[in-house]
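Right, one structure below, let's go through it.
The values are calculated or read from the model by the stated rules, or taken from the named source; none is laboratory data. Remember, predicted model here, so these are calculated numbers, not experimental data. Quick reminder, even Gly has a Cβ in these numbers, built from the backbone with ideal geometry, and neighbours come from all protein chains shown. Remember, those area values only see protein heavy atoms, side chains included, never the ligands or the DNA or RNA. Shrake-Rupley method; radii C 1.70, N 1.55, O 1.52, S 1.80 Å.
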Amino acid sequence: MRNLLTDVPGIRVGHATDLHIGTGATVVLCEAPCVGAVDVRGGGPGTRETDLLDPAATVERVDAVCLSGGSAFGLDAASGVMTGLAARGRGFAVGTARVPIVPGAILFDLLNGGDKGWEEHPPYHRLGRAALEDAEANGLDFPLGSVGAGTGCTTATVKGGLGSASAVTASGHVVGAIVAVNAAGSPLFGVGPHLRAAPYEKDGEFGGLGLPPFIPDEGFSPHLKGGVARFATTLAVVATDAVLTTVQASRLAIMAQNGLALSLFPVHTPLDGDVVFALATGRRPLEAPLPDLARLGALASLVLARAVARAIYAARRLPFPESQRSWHDHFAAGDGAAAGSKE
């Protein structure tokens, strides 16, 4: 087990990162088309092809999912993935034509520094295509932190990033998650250093600090990133090797959203566009569909919470004055500095 989304057989992951611009894209590639679903909770989402993932829609399977920075500009990253897959003969057959099915979602990273001065040619089609090629070439082991869609991510207190985690249910089904954490809220208890996902940590995967000695009262003054519409968003994909219908995959996505509530506060705000996709590769049937699905969804929420914390722990500050300081900038040296500063 790699403790990555790619522990789910049939899933590959690739990144494209542009540190000059301070953005990137991540592709979750299905080796064979997967049953897909989505759950959208944030108040300011930016998505592509999510209507197609409604259980009542005609197309049940997807070829890939694309997560990207760039706000609405980043929706073009999925076009790059689609173009690349079409060149490989992938896609939904319509007569002699094939149309790759690539749902996607974007996050806002346009104010994090870097050269955002493009005029006619935003970089996202190129980044999507490059992330697809990376998934094909190096798609089982992939880095975390300030890479891919996590490159320009921020939170209310410390720099966000790209995280992943996995686990196995008692019935033997594998479930994994990947997440780009760009939340309006905070992954920390108070000013830190303790991460909100601490109760679910495995093998010291994000520092092993555990819970704080007391839980701060944040009810009247929660940490919240700047109040610009579409300024935030956390994007995730959960996947399993289980055989699921589109209705069951939709329930998996709904339950997995709880992982964001276990690791970020506040969450699903009017400033966020939080989206969780679910993929089922169909390698292992459920023995008892209702209880197995309930356990699978519960574990998916914990795996997603761990992935959020791993993203924060692995993230590093970008090389721009505007870039937010990372968890390690604040706490790795044990200086106890208050979180949220850019200096």
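General observations
- Summing charges over all other residues whose Cβ lies under 11 Å from the Cβ of residue 283, with Lys and Arg as +1 and Asp and Glu as -1, gives -1.
- Surface composition of the chain: carbon plus sulfur atoms hold 55% of the accessible area, using a 1.4 angstrom probe and ignoring ligands, DNA and RNA.
- Backbone HN-Hα couplings from phi across the range 239-256 [Karplus 6.51/-1.76/1.60, Hz, Gly and Pro as x]: 9, 8, 8, 5, 7, 10, 7, 5, 5, 5, 5, 4, 5, 4, 5, 4, 5, 5
- Calculated FRET value between residue 287 and residue 322, using beta carbons and R₀ = 35 Å, to 0.05: 0.10
- Burial order of peptide ranges 291-297, 107-113, 275-281, 210-216 (average beta-carbon count within 10 Å, highest first): 275-281, 107-113, 291-297, 210-216
- In the range 70-206, the C-alpha radius of gyration followed by the widest Cα-Cα span (Dmax) gives 17.9, 58 angstrom.
- Taking every lysine pair in the chain that is 8 or more places apart or spans two chains, those with Cα atoms closer than 21 Å amount to 6.
- Taking the range 122-275 and dividing mean pair separation by its residue count, relative contact order in percent (alpha carbons under 8 Å, at least six apart): 23
- Charged side chains reduced to their Cβ positions (Lys and Arg at +1, Asp and Glu at -1) give the range 1-137 a dipole of some 240 debye around its Cα centre.
- By the beta carbon rule, with partners counted only under 4.7 Å, the chain holds these lone Cys residues: 66, 153.
- Computed from the C-alpha gyration tensor, the three semi-axes of the ellipsoid equivalent to the range 143-277 are 25, 19, 14 Å, from longest to shortest.
- Against the empirical 2.2 N^0.38 Å (N residues), the chain has a Cα radius of gyration ratio of 0.92.
- Rolling a 1.4 Å probe across the protein heavy atoms gives the chain an accessible surface of 38 Å² per residue.
- Backbone amide hydrogens, once placed in the peptide plane, bring residue 194 within less than 5 Å of 189, excluding anything fewer than 5 places away on its chain.
- Total formal charge among the other residues, if their Cβ is under 15 angstrom from that of residue 97, Lys/Arg +1 and Asp/Glu -1: +2
- Relative contact order of the chain, defined on C-alpha pairs under 8 angstrom at six or more residues apart (%): 24
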